[in-house]
1. Report yes if some residue within region A:76-86 is within 12 Å of chain B (Cβ to nearest Cβ) and within 22 Å of A:Lys161 (Cα to Cα); otherwise report no.
2. If A:Ser863 passes every condition in (1) over 25 Å from A:Ser138 (Cα atoms); (2) polar (S, T, N, Q); (3) within 18 Å of the chain's Cα centre (by Cα) but one, which one does it miss?
3. For region B:72-100, name all the residues that are facing chain A (nearest Cβ under 10 Å) and within 13 Å of the chain's Cα centre (by Cα).
4. Identify, by number, the condition in (1) within 9 Å of another protein chain (Cβ to nearest Cβ); (2) at pLDDT below 90 that A:Tyr298 doesn't meet.
5. Quick check on my filter: what residues within region A:39-59 are within 11 Å of chain B (Cβ to nearest Cβ) and among the hydrophobic types (A, V, I, L, M, F, W, C)?
Amino acid sequence: MDLAINPFSSWHPLRDMIRSIRACKTAAEERAVVRRECAAIRAAISEGDQDYRHRNMAKLMFIHMLGYPTHFGQMECLKLIAAAGFPEKRIGYLGLMLLLDERQEVLMLVTNSLKQDLNHSNQFIVGLALCALGNICSAEMARDLAPEVERLLQNRDPNTKKKAALCSIRIVRKVPDLAENFMGAAASLLKEKHHGVLISAVQLCTELCKASTEALEYLRKNSLEGLVRILRDVSNSSYAPEYDVAGITDPFLHIRVLKLMRTLSQGDADCSEYINDILAQVATKTESNKNAGNAILYECVETIMGIEATSGLRVLAINILGRFLSNRDNNIRYVALNMLMKAIAVDTQAVQRHRATILECVKDADVSIRKRALELVYLLVNDTNVKPLTKELVDYLEVSDQDFKDDLTAKICSIVEKFSQDKLWYLDQMFRVLSLAGNHVKDDVWHALIVLISNASELQGYSVRSLYKALQACGEQESLVRVAVWCIGEYGEMLVNNVSMLDIEEPITVTESDAVDAVEVYLKRYSADVTTRAMCLVSLLKLSSRFPPTSERIKEIVAQNKGNTVLELQQRSIEFSSIIQRHQSIKSSLLERMPVLDEANYLVKRAASMQATVSSVKSAPAVTPGGQLKLPNGVAKPPAAPLADLLDLSSDDTPVTTSAPTTAPNDFLQDLLGIGLIDSSPAGGAPSTSTDILMDLLSIGSTPVQNGPPTSNFIPPGIAETKPVPVTPQVVDLLDGLSSSTSLPDGNAAYPTITAFQSATLRITFSFKKQPGKPQETTINATFTNLATTTFTDFVFQAAVPKFIQLRLDPASSSTLPASGNGSVTQSLSVTNNQHGQKPLAMRIRMSYKVNGEDRLEQGQVSNFPAGL
Amino acid sequence: MTIRFVLFVNKQGQTRLAQYYEHLSLDERRALEGEIVRKCLARTDQQCSFVEHRNYKVVYRRYASLFFLVGVDNDENELAILEFIHLLVETMDRHFGNVCELDIMFHLEKVHFMLEEMVMNGCIVETSKQNILAPIQLMEKAS
């Protein structure tokens, strides 16, 4: 049934194709039909079939819509556009807009046809070309064809004018430099009568204001009067059937004008005053019983909030929002919540009045409304209302559906941390959140909780008891288990002896073996992940020293993991067995309670890791106890590893001679406890140094590890090779064991990491490395972090240096920068300073990227290079 | 950029029209359509017509068996977009007379022409049904 080549009726085969696609019962059948059709179209193309070209295009568009590749039709579009007849051109342009985009090189070929059509005598053909240009033009085409479009803005025909205006929007967006050419024409278009021209012109003005401050100034002076007149005309006009929506004339025009007014009057008191009256008129007179009216009111409120409005006008706006919020229509409530977020910056008190209603919205059945309301509540929290609000939210956490718990938990944790003057209250809230939604709690949150407990000596007993109780009830929450297990290991005796009871507590009876039981359960549970189980092992080891009678039992439990398939657990268990069995003399001092964790330091690091990168946290030079500056070794340290240095066991401070291993993100606790997951580092080549630390720790005064403890005839891979890696001096000092034989690699004078560039949205840090013997060469490791809340795409970093310096840029690790500092992009630069020692390094940098598809550009100069580069 | 895409989807989740005003690869489109449609179809009539998805806001409205979805920027007036969807449907209604899913399927190119008259580069150009339909009717007369 090869209908595609049926030469008789021109449109029916399309119908037939659609029918046969519709008749398909399975996706496979559909694919088969599409394949057959595509083959027929390809054949027609290669035969140079003229008559049915546009019919084939129509088919291709349908196939494209279904999500199949249609690139082979692109050239056909161009041929159709070049044809003389209107129907062919029509479908050709449509195909062009659907099948092509500005990135394709084919597009360059169409510039000429477009230029011809823009000069065509038939206004419809001109319209087609404008429309296509407006939808897909690239920066180059924009430059080439801008004069044609400027000319068409003066055309007599309103349809051409409006399309030319919208086409200009695209041009200005692509080439912001051209904005000044369009501002005069844009302002004069506002004097027209035709609504299509007006709405296009208003949008063009809005775009111009964004593109250039000069245009903004110009339009402030020259367009405001016209805008007020337009708004007055449409809102007072009598019934206009063509533009009427539920008794209101052209709400779309209303909205665009209000939006432009906002753009113009933002931060400008004169303009704001000028439009005061008309805004008041729109806000009071617009009917609010239909959607169209509400849309206008909504935009009007947004404009009032955005400009320097009088207080009377603001009260009016807040009252409209209050009405919206109590509306029964969910759409209206949604936009009210949305708007209140913006209003909060203007008038917090007024928004606080609606707190009860907003809190109700958090519990709404509709997820869109819930999300908005939660954001809003988060902004509303202050010192006075934090306790009742948190209680409400935590109560709701219990019943909310799973999808929403992530958001809700994150917000509650953030609120609780922000207002945590009262430590007992903080602990109580966190314990509740952990019990209710521990699986949704982010790692840094429970890390912070552990740090806090460690610092609050008077509340440690209370914490461990509360956590023990919570563990009995809600053991399935992973992060609750982790925190509880950690506390039991550290403060086990406080649990058993009811040490430092608070007045509000009831004494509980927990025996030593109960405590061991509690931990053992989670070590053995299959669903527990490796981190949790590793924490259980450490906790048990500590308990064995806290409760000597249980030591034998713990030894058995630990020994059970000697055959564990997870290398980490296996190794730990062998080591711990050996500690329990053979190192009684140092055991108690080895297993003492952790020193108080440095809270201030942690908070700083956490804040840093949230915004900044990886290497700025890590590659800052660390001073060893010996007083030597150590060299940042270029190890990319995961951002969630802020606690890594707590025990100074962190492997990454050790200079590594091989290309360094990277530990998997989020396993900071491994670092905390000196545990490095071996399986997360590449086997063989780059050994994880934390392993060695422990090996060294265990080999104090006894046989070298290679010979293996007698309990094991299994030597984990990696140990044999890891031996030569230098030992961290701290660890050695700590244990008074081996004398440090570590020597730092020579020729490696250390240079501090610098922040090369910082704006509100972007931070760049440089860390430096030199090859020994080549003082003029420097390898700069640049790390880019996005501080804004939207992701940057197409990120490109460029650098320029003075003539006496040579620069080579390696490719960046990615061109996408995740939002809010969640990860970063690195790029290395090799710099050769030919006048080393005489002139310092200097560099100009330029970063271009896209935010939500819009181009952004930032540039700066780096002059704070450390001396000696 | 205000409007980022316009989608018509039937109750079974099949796309009946797709127009994007920003570049997305085929795979991205398929994924996006799948995710959004699943989200929207799962909602009840009582729930509001706005869904937040990735960095877009999707405004949707249902007419009989067809869903009309419009993806917009976060700062766009959602209520106005609802009104725009209605205008689009009314325009199709005027042209086809009681428009149904099949009309859109079999006259896909005409619906695209209408949409083209109404939206350019993500901005609304024309809101008068008469002006939108004039070129299309002219072309029909000619052929």
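The values are calculated or read from the model by the stated rules, or taken from the named source; none is laboratory data. Predicted model only: the values in this text are computed from it and were never measured. Note that we place each Cβ from the backbone using ideal geometry, even for glycine, and neighbour counts take in every protein chain shown.
1. For region A:76-86, residues within 12 Å of chain B (Cβ to nearest Cβ) and within 22 Å of A:Lys161 (Cα to Cα): present.
2. Among (1) over 25 Å from A:Ser138 (Cα atoms); (2) polar (S, T, N, Q); (3) within 18 Å of the chain's Cα centre (by Cα), A:Ser863 violates only (3).
3. Within region B:72-100, B:Ile81, B:Leu82, B:Glu83, B:Phe84, B:His86, B:Leu87, B:Glu90 qualify.
4. If we test A:Tyr298 against (1) within 9 Å of another protein chain (Cβ to nearest Cβ); (2) at pLDDT below 90, just (2) comes out false.
5. A:Met57, A:Ala58
One line per residue, one yes/no per condition, for (1) part of a loop (DSSP other than H, G, I, E, B); (2) modelled with pLDDT of 85 or more; (3) within 16 Å of A:Val862 (Cα to Cα):
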residue: A:Pro752; (1), (2), (3): yes, no, yes
residue: A:Phe757; (1), (2), (3): no, no, yes
residue: A:Pro772; (1), (2), (3): yes, no, no
residue: A:Pro775; (1), (2), (3): yes, no, no
residue: A:Thr778; (1), (2), (3): no, no, yes
residue: A:Ala788; (1), (2), (3): yes, no, no
residue: A:Lys803; (1), (2), (3): yes, no, yes
residue: A:Gln806; (1), (2), (3): no, no, yes
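For (1) of a type in the set (Phe, Trp, Tyr); (2) outside any helix (DSSP H, G or I); (3) modelled with pLDDT of 85 or more, each residue gets a yes or a no:
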| site | (1), (2), (3) |
| --- | --- |
| A:Leu337 | no, no, yes |
| A:Lys342 | no, no, no |
| A:Gln349 | no, no, no |
| A:Thr357 | no, no, yes |
| A:Glu360 | no, no, yes |
| A:Asp364 | no, yes, no |
| A:Leu374 | no, no, yes |
| A:Val377 | no, no, yes |
| A:Asp383 | no, yes, no |
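Results for (1) within 14 Å of chain B (Cβ to nearest Cβ); (2) closer than 20 Å to A:Val197 by Cα; (3) at pLDDT 90 or above, shown as yes or no for each residue.
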position: A:Leu107; (1), (2), (3): yes, no, no
position: A:Thr111; (1), (2), (3): no, no, no
position: A:Ser121; (1), (2), (3): no, no, no
position: A:Phe124; (1), (2), (3): yes, yes, no
position: A:Ile136; (1), (2), (3): yes, no, no
position: A:Glu140; (1), (2), (3): no, no, no
position: A:Cys167; (1), (2), (3): yes, yes, yes
position: A:Ala179; (1), (2), (3): no, yes, no
position: A:Ala186; (1), (2), (3): yes, yes, no
